[in-house]
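Heads up, the thing below is written out as structure tokens.
The values are calculated or read from the model by the stated rules, or taken from the named source; none is laboratory data. Since this is a predicted model, take the numbers as computed values, not measurements. We place every Cβ from the backbone using ideal geometry, glycine too, and count neighbours over all the protein chains shown.
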Amino acid sequence: MLGPPGSGKGTQGQRLAARHHVPHVSSGELLRDHVRRQTPLGRAASHAMARGDLIDDELVISMIGEEVIRPDAPGGFVLDGFPRTVAQATAAYDIALRHGITLHAVVWLDIPRDELRARLQARGAAAARPDDNSATIGHRLDVYVAQTLPLVEFYTGRDILITIDGTGTVDQVAARIDTALDPVLRAGE
Ligand code: AMP
């Protein structure tokens, strides 16, 4: 799942994982859990997360590597929020290659910046996450454009990018994802 903060990739990633009975591996959730438990990774990540900056590639890559190559998850997985940089995408490709994992599709939730800002402010008002405050929101969107958006080109070049209109209700977006993704997954079986 690829998309800007506030695009609904967490919600859609969870739903997609439930639909296909596979784990939902969210780098943001995993990192927030490390911060809560005050692990060494959590302590190293907390300041950058609060600022809305990305965590060092090496730290995120090793954390995700451990999650996705667990032998108890043979049926695949939904990766949400990772990779987020071209360096991470290259590392993900290497990990996949070494472990015989095929990355079938990258679902990119495309959504206008004004709508994102409104959604993130609403989420911040609900106090769900400390990084959803107005000072950090603009910065997280800038970080997304500078560091994550190049992945759209990266995965277009690899022919696995599926662009989804991320506007509308959760159910509308979910229906678009299923329509686009189901044939790809059937072909990959
Ligand atoms: P998210 O829940 O996906 O919005 O992630 C929340 C925060 O966790 C981000 O703003 C980053 O600080 C950090 N984070 C999550 N995934 C990554 C990643 N793949 N690379 C670097 N930082 C990440």
_Looking only at region 35-66, and only at residues there that are assigned to a loop (DSSP other than H, G, I, E, B) and within 8 Å of the ligand (Cβ to nearest atom), the one that is surrounded by the fewest Cβ atoms within 10 Å (Cβ to Cβ)_ = D56
*Taking interchain pairs and intrachain pairs at least six residues apart, which have beta carbon atoms under 8 angstrom, with the first residue in region 140-154 and under 16 Å from G52 (Cα atoms) and the second at pLDDT 95 or above and of a type in the set (K, R)?*
Q147/R84; T148/R84
*Evaluate region 11-34: report whether one residue or more is within 12 Å of the ligand (Cβ to nearest atom) and assigned to a loop (DSSP other than H, G, I, E, B).*
no
*Within region 97-111, identify whether any single residue is within 15 Å of the chain's Cα centre (by Cα) and in a helix (DSSP H, G or I), and answer yes or no.*
no
_Number of positions in region 102-132 that are more than 14 Å from the ligand (Cβ to nearest atom) and in contact with a Lys or Arg (Cβ under 7 Å, 6 or more places away or on another chain)_ = 0
*Answer yes or no: is there a residue in region 114-125 that is of a type in the set (D, E), modelled with pLDDT of 80 or more and farther than 23 Å from S46 by Cα.*
yes
*Does any residue in region 162-189 that is more than 14 Å from W108 (Cα to Cα) come within less than 9 Å, Cβ to Cβ, of a residue that is assigned to a helix (DSSP H, G or I) six or more places away or on a different chain, and which pairs are these?*
G168/R176; V170/T11; V170/Q12; V170/R15; L185/H20
*Considering each of A96, A87 in turn, give the residue that is among the hydrophobic types (A, V, I, L, M, F, W, C), within 25 Å of H139 (Cα to Cα) and surrounded by fewer than 18 Cβ atoms within 10 Å (Cβ to Cβ).*
A87
